[in-house]
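Colleague: Just dropping this structure here.
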Amino acid sequence: ILATKTLIFSGVATKYVASNERSVYRVGTNGADATATALGSGIAITVTDAAGNPVADGTSVYATSTNPTIATVSASTTTIGGVAYFGVTGVSTGTASFTFTDNSTASLVTTIATDSIYVGSSVASKVSLAFDNTSYANGSVVKLTLTALDANGQPISDEAAAGYSYTNFLATDLISSTQLGGVSLVGSASPTFVGGVATWNLYAPLSAGPFTVTATTGVATGLSLVAQKVALSASATIAADQSSSLATDAANAAADSADQATAAAQDAGSKADAALAAVTALSQQVTTLLSKIAALTTAVAKIVKKVKA
């Protein structure tokens, strides 16, 4: 045997499942048709047959935007590995909906899927920095988030639109008042946003007490004037050192064990004293009996002597 191969024989398309390749789309291009690379497409349509197998490459999928003033897609594209990839063109901010079908003629459509996306602004008007909790145990996971919202309070787009940029969104990288474990904060001045949020998963410091992460927004084109050069801060507290607490608990447990051992020894000593007292009393009784026996023996000897005389 030189090789083995597994072949899949697929039937006609019976199920379409749409998935968005971005959380918030930008005004302008978002990916391209028939592009499967990371963030290469705008919307991915997985197409399977009645048995759940991916359909053959080259199967056509047709699309229509119900909100073309918000976003548009190509009229059709074909599958690659059972998936049809559509690029999305954002026209203006807002929510757009799409339908994906197996035929361009409405009366012949048998398979359909729907999807919706949000096209966001690429200019942040409000930026905030926060931890996911106000208090942590030393060494525990700490989630730090940088949130960027537009003038309407909506998340900014994952990618900046043409003419805008999130590079140097912060004037400098995030600065922590104490050493934090986990991912590095190097490069955090130019964050990657998903749904208007950039996230860093860190580890709390080992020493107890408060700690703070600070930053100042930059002058990037992805920031409105009111959001530029704004001081940001996130603060939290580390609970008392658990290692000391554990040592105290261990010491207390040892003390309890010692107390229990002492009590057991005292109980054993009391029982030993009682046993000794009982033995002493018995010994005295035996001595008394022996004295009586000796006296009785002497008396009997006298009687025997008199009888012989």
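The values are calculated or read from the model by the stated rules, or taken from the named source; none is laboratory data. Everything quoted here is computed from the prediction, not taken from an experiment. Please note: Cβ atoms are built from the backbone with ideal geometry, for glycine as well, and neighbour counts cover all protein chains shown. Heavy atoms of the whole protein, side chains included, go into the accessibility calculation; ligands, DNA and RNA do not. Shrake-Rupley method; radii C 1.70, N 1.55, O 1.52, S 1.80 Å.
Colleague: Applying the selection to the range 65-81, what residues are within 22 Å of Asn103 (Cβ to Cβ), under 36 Å from the mean Cα position of the chain (by Cα) and touching a residue at least 40 places away in the same chain (Cβ under 8 Å)?
Modeller: Once the filter is applied, which keeps residues that are within 22 Å of Asn103 (Cβ to Cβ), under 36 Å from the mean Cα position of the chain (by Cα) and touching a residue at least 40 places away in the same chain (Cβ under 8 Å), the range 65-81 yields Ile80, Gly81.
Colleague: Something else now. Going through Thr29, Thr14 one at a time, which residue ends up being closer than 25 Å to Ser116 by Cα, open to solvent by 50 Å² or more (accessible area, probe 1.4 Å) and over 36 Å from the mean Cα position of the chain (by Cα)?
Modeller: It is Thr14.
Colleague: Kindly indicate which of Thr105, Thr134, Thr145 is more than 16 Å from Ile70 (Cβ to Cβ) and without any contact (Cβ under 8 Å) to a residue 12 or more places away in the chain.
Modeller: Thr105
Colleague: Quick check, is Thr77 outside any loop (DSSP other than H, G, I, E, B), more than 30 Å from Ala151 (Cβ to Cβ) and not hydrophobic (A, V, I, L, M, F, W, C)?
Modeller: yes
Colleague: Output the residue which, of all residues in the range 104-115 that are exposed (fewer than 14 other Cβ atoms within 10 Å of the Cβ) and of a type outside the set (A, V, I, L, M, F, W, C), is farthest from Gln228 (Cα to Cα).
Modeller: Within the range 104-115, the match that is farthest from Gln228 (Cα to Cα) is Ser107.
One line per residue, one yes/no per condition, for (1) under 25 Å from the mean Cα position of the chain (by Cα); (2) modelled with pLDDT under 95; (3) among the aromatic types (Phe, Trp, Tyr):
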{"site": "Pro205", "(1), (2), (3)": "yes, yes, no"}
{"site": "Thr217", "(1), (2), (3)": "no, no, no"}
{"site": "Lys229", "(1), (2), (3)": "no, no, no"}
{"site": "Ser235", "(1), (2), (3)": "yes, no, no"}
{"site": "Ser244", "(1), (2), (3)": "no, yes, no"}
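Colleague: Quickly run through the range 32-56 and pick out the residues that are assigned to a strand (DSSP E or B) and within 28 Å of the chain's Cα centre (by Cα).
Modeller: Listed by number, the residues that qualify are Ile43, Ala44.
Colleague: From (1) under 16 Å from Pro191 (Cβ atoms); (2) out of contact with any Gly (no Cβ under 9 Å at 6 or more places or on another chain), pick out the condition that doesn't hold for Ile112.
Modeller: The failed condition is (1).
Colleague: May I ask you to list the residues in the range 216-244 that are closer than 24 Å to Ser135 by Cα and open to solvent by 10 Å² or more (accessible area, probe 1.4 Å)?
Modeller: Once the filter is applied, which keeps residues that are closer than 24 Å to Ser135 by Cα and open to solvent by 10 Å² or more (accessible area, probe 1.4 Å), the range 216-244 yields Thr216, Ala231, Leu232, Ser233, Ser235, Thr237, Ala239, Ala240, Asp241, Gln242, Ser243, Ser244.
Colleague: Restricted to the range 185-211, and to residues that are open to solvent by 30 Å² or more (accessible area, probe 1.4 Å), touching a residue at least 60 places away in the same chain (Cβ under 8 Å) and of a type outside the set (A, V, I, L, M), which residue is farthest from Ser23 (Cα to Cα)?
Modeller: Ser207
Colleague: Here's another thing I want to ask about it. Restricting the range 82-98 to residues that are aliphatic (A, V, I, L, M) and more than 16 Å from Ser23 (Cα to Cα), which is farthest from the chain's Cα centre (by Cα)?
Modeller: So the residue we want is Val91.
Colleague: Just checking, which of Thr59, Thr48, Thr4 is open to solvent by 60 Å² or more (accessible area, probe 1.4 Å) and either farther than 24 Å from Asn103 by Cβ or β-branched (Val, Ile, Thr) (or both)?
Modeller: From the options Thr59, Thr48, Thr4, the qualifying one is Thr4.
Colleague: When you look at Gly153, is it on the phi > 0 side of the Ramachandran plot, without any contact (Cβ under 8 Å) to a residue 40 or more places away in the chain and not aromatic (Phe, Trp, Tyr), yes or no?
Modeller: So Gly153 passes the test.
Colleague: Being farther than 14 Å from Thr48 by Cα and surrounded by fewer than 21 Cβ atoms within 10 Å (Cβ to Cβ) is the filter here, so list the residues in the range 71-88 that pass it.
Modeller: Thr72, Ser74, Ala75, Ser76, Gly87, listed by residue number.
Colleague: Further, regarding this structure: From the list Ser76, Ser10, which one is in contact with a Pro (Cβ under 7 Å, 6 or more places away or on another chain) and over 20 Å from Gly120 (Cα atoms)?
Modeller: Ser10
Colleague: For Thr6, are the conditions met, namely being at negative phi and at pLDDT below 95?
Modeller: Yes, satisfied.
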